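Here the structure comes first, spelled out in C-alpha cells, and everything after it is commentary.
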Amino acid sequence: RRLFETGRLLIDCCAEQGALRPGREGWRSAVRVRALHARVRRRLLLRGASGGEAWDCARDGVPINQEDQAVTLLAFSYNVLAGLELIRGGPVPEEEERAYLHLWRWVGRLLGLRDELNPCRAGMPLAKATLESIVLHLLHPDALSVRVAHHLLRAPRSSDAAFERSASMTRLLVGDELGDA
C-alpha cells in the first residue's frame, strides 16, 4: 500500500506542468502526505499514554523527523540523478539537474521539510554530502531490512529473472557493501 501511495505522490507531483501550484493535484497530494505524517507522528508519540508501548525519542528520535524527510527526499532527487549518470555513463546536463533538484526542494517544502535542512537547496554536492552523512550513521542493514529490500525488489514483478535484474541494478546503484547485506 505504501508503495502505491508513494507512486501516487510522484505521479501527482510530476505528471503535468504546474501540478505543484496551490490547489493543484500535486500540491494537494503533498499536503495530504504532510498531514498523514503529522498524524502518524502524533499517534506514535502519544502511544504510551493510551496503554501501548511508548515511543522512545531518546533512543529512536522523533518519528518522521526532519532527517527522515531529508533522506527520503534524496531517494527521489539525488539518487535518481546519480542513477541516471551511472546508467548513461555521463552527467545529466547541469540545467536539467538544477531544475530537477528545484522540483524536489519545493516538494520537500510542501512535505514540511525546513529549507535550511533541505538537501536539494544547493545542488548535487550538498545533496551527495547529506546522503553520505545520513547513510553513515543511520544505515545498518539487519535481517528485517534484508527482507524489506527483497520485498521491494520483487514488488513490481514476480519472476526470478526480474528479481535478478532488479537486484543487479540495485547493486550498481548502492554498491557492493549494501548489495551484499
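Things to note:
- Dipole check for the chain: with +1 at the C-beta of Lys and Arg, -1 at the C-beta of Asp and Glu, and the Cα centre as origin, the magnitude is about 980 Debye.
- Whole-Å semi-axes of the chain's equivalent ellipsoid (Cα gyration tensor): 26, 24, 18
- Of the trypsin sites (Lys or Arg not before Pro) found in the range 1-75, those in coil by DSSP whose Cβ has at most 16 other Cβ atoms within 10 Å are Arg1, Arg24.
- Accessible area per residue in Å² at 1.4 Å probe, computed on the chain: 67
- Assigned charges on the beta-carbon of Lys, Arg, Asp, Glu; the range 65-108 dipole about Cα centre (debye): 60
- For Asp68, the accessible area of its heavy atoms, probed at 1.4 Å with every protein chain present, is near 50 square angstrom.
- Carbon and sulfur %, accessible surface of the chain computed with the full protein complex present, 1.4 Å: 57
The values are calculated or read from the model by the stated rules, or taken from the named source; none is laboratory data. This structure is a prediction, so every number in the text was calculated from the model and none was measured. Note that we place each Cβ from the backbone using ideal geometry, even for glycine, and neighbour counts take in every protein chain shown. We work out accessible area using only protein heavy atoms, side chains counted, and drop any ligands, DNA or RNA first. Shrake-Rupley method; radii C 1.70, N 1.55, O 1.52, S 1.80 Å.
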